[in-house]
Amino acid sequence: MERKPCSNSKVVKTTLVFPPDTNHHGTLFGGKLLAHIDDVASIAAIKHARQPVVTASTDSVDFLAPVTVGQSIHLEAYVTWTHHTSMEVFVKVITENLMTAERTVCNTAFLTFVAIDKNGRPAPVPEVYPETEQEKRMNESAPARAEQRKRRREKSKEFANKIGLQE
């Protein structure tokens, strides 16, 4: 399988925030933003793997600034690191006041996707390699995030087993 650069998977999406997208404070619903994030991240993962993918985890989603009605949100995503069948995708969200041109990074997120074959089983993915300084930093720090994810998943499983199906 041929290695691919991070830039090969880059996805960009811009959308306008309308009143139905917001809560009673006039700010974008967090779940609505999460849907946009999962959308661009999954496209980046599919572009890299060139096969179907499933979201395995969403670990770091940091809401840094509110997004209000009339602003646009600009999302950028790309694959930062790969393992055998999984891919880490970084998403950056920038809000823009379209009247003043003021732009703010309002959200960052890391998601993990697993490529799947026609039988729904995990499938190998090509290795990714960084080119820019930002991509290199993301790629170098990815194994530590993967280890944190592994520990968090183990704790989540333990917790789920403890609470069981009791009502």
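No value in this document is a laboratory result; all are computed from the given coordinates. Bear in mind that the values here come from a model prediction, so they are computed numbers and not experimental data. Cβ atoms come from the backbone with ideal geometry, glycine included; neighbour counts cover every protein chain shown.
If the label point is 7 Å along Cα→Cβ of Gln148, which residues in the stretch 82-120 have backbone nitrogen under 19 Å from it? What the label zone holds, given the 19 Å backbone N cut-off, is 82-83, 87-93, 106-113.
Give, in whole angstrom and from largest to smallest, the semi-axes √(5λ) of the equivalent ellipsoid of the stretch 81-167, with λ running over the eigenvalues of the Cα gyration tensor.
Numbers: eigenvalues 183, 96, 41 Å².
The three semi-axes for the stretch 81-167 are 30, 22, 14 Å.
Look at the dipole of the stretch 4-163 built from charges on Cβ: of Ala77, Phe159, Pro126, the Cα furthest out on the positive end belongs to Phe159. Of all lysines in the structure, the ones whose alpha carbon falls short of 25 Å from that of Lys32, not counting any fewer than 8 places away in one chain, are Lys10, Lys13, Lys47, Lys92. Taking the stretch 40-59 and a reference point 7 angstrom along Cα→Cβ of Asn8, the backbone N atoms nearer than 19 Å belong to 41-54. Taking 0.36 nm per residue of sequence separation and removing the Cα-Cα distance, the Thr55/His25 pair yields an extension gain of 7.8 nm.
So if I take the alpha carbon set of the stretch 121-162, get Rg, then get Rh from the Kirkwood formula, what is the Rg over Rh ratio? Intermediate values should be presented prior to the final figure.
Numbers: Rg = 14.7 Å, Rh = 12.6 Å.
Using only Cα positions, Rg/Rh for the stretch 121-162 is 1.16.
Out of the GluC sites (Glu not before Pro) in the stretch 68-123, which ones are loop residues according to DSSP with at most 15 other C-beta atoms within 10 Å? Don't jump to the answer; show the numbers that get you there.
Details: sites: Glu76, Glu88, Glu96, Glu102; in loops: Glu102.
Counting only loop positions with at most 15 other Cβ atoms within 10 Å, the GluC sites (Glu not before Pro) in the stretch 68-123 are Glu102.
In this structure the amide hydrogen of Ser57, modeled in the peptide plane, comes within under 5 Å of the amide hydrogens of Thr112, none closer than 5 places in sequence on its chain. Compared with the dominant principal axis of the Cα atoms in the chain, helix 30-49 is inclined by about 40°. In this Cβ point-charge picture (+1 for Lys and Arg, -1 for Asp and Glu), the chain has a dipole of about 460 debye about its Cα centre.
For the chain, the longest principal axis of the C-alpha atoms and the axis of helix 133-163 are separated by about 80°. The alpha carbon centroids of the stretch 102-125 and the stretch 54-70 are separated by 14 Å.
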